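Readers should treat all values here as calculations from the given coordinates under stated rules, not as data from a laboratory. All values reported here derive from a predicted model rather than from experimental measurement. Positions of Cβ are generated from backbone atoms using ideal geometry, with glycine treated the same way; all protein chains shown enter the neighbour counts.
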C-alpha cells in the first residue's frame, strides 16, 4: 500500500484522486496569412525571425466542466517583410473532479492547455507546411511556469493600481 493510500485509509475515507476527462476539443479560429507570396517562398540567405506568442484562458461551463482555450500566434519576418502569420485558437471542454476549490484555477490553467498543446502544435505545423514553408514546430511549453509568470504579472499590476497611503 502506498503512503497516499495509507493516509487516505487512516483518515477513514476513500482516497479520491484528482481527475480530468477531455469531453471535446476543437479549432475555434484558424488564420494563415502569406501576404507576400510568391516572393516570400523563394530561398533566402538569412533565416527568418519567428515570434511565437501563447495565451491561455478558461471559462467555467458548470461546477465541474470548463472550456480551456489555447491561443498560439506565430509570425515569421525577414527585415521588415512578413513571410507568414498564423493564428490559432484551439479549445477543449474538460470535466474536472476531486480537485479542491483553492487548487482548481491553477489545475485548469496548467493541465488543460498541457493536454491541448500537442494538437495545437500539429495544426500550426501543418498550416505553415501547407502555406509553402517548412513546418513550424513550436517548442514545448512549461504551462506551470507560464501560469506562475502570469500570476506574478497580475500581482504586480494590482500593486501599481492600489492607492498609496
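Here are a few things to note about the model shown:
- Extension gain, residue 103 back to residue 23 (0.36 nm per residue minus Cα-Cα distance, nm): 26.7 nm
- Tensor-based shape of the stretch 92-165 (alpha-carbon gyration tensor, a/c under 1.5 rounded, otherwise prolate or oblate): oblate
- Taking 0.36 nm per residue of separation and subtracting the Cα-Cα distance, full extension of the segment from residue 153 to residue 15 would add 46.1 nm.
- Value of relative contact order over the chain, rounded to a whole percent, pairs C-alpha under 8 Å and six or more apart: 22
- Placing a pseudo-label 7 Å from each Cα along the Cα-to-Cβ vector at residue 49 and residue 79 gives an inter-label distance of 1.4 nm.
- Potential extension, residue 125-residue 57 segment - 0.36 nm per residue separation minus Cα distance: 22.3 nm
- Model label sites at residue 41 and residue 145, defined 7 Å from Cα along the beta-carbon direction, differ in position by 3.7 nm.
- Cα shape, the stretch 22-81, gyration tensor, a/c 1.5 rule: prolate
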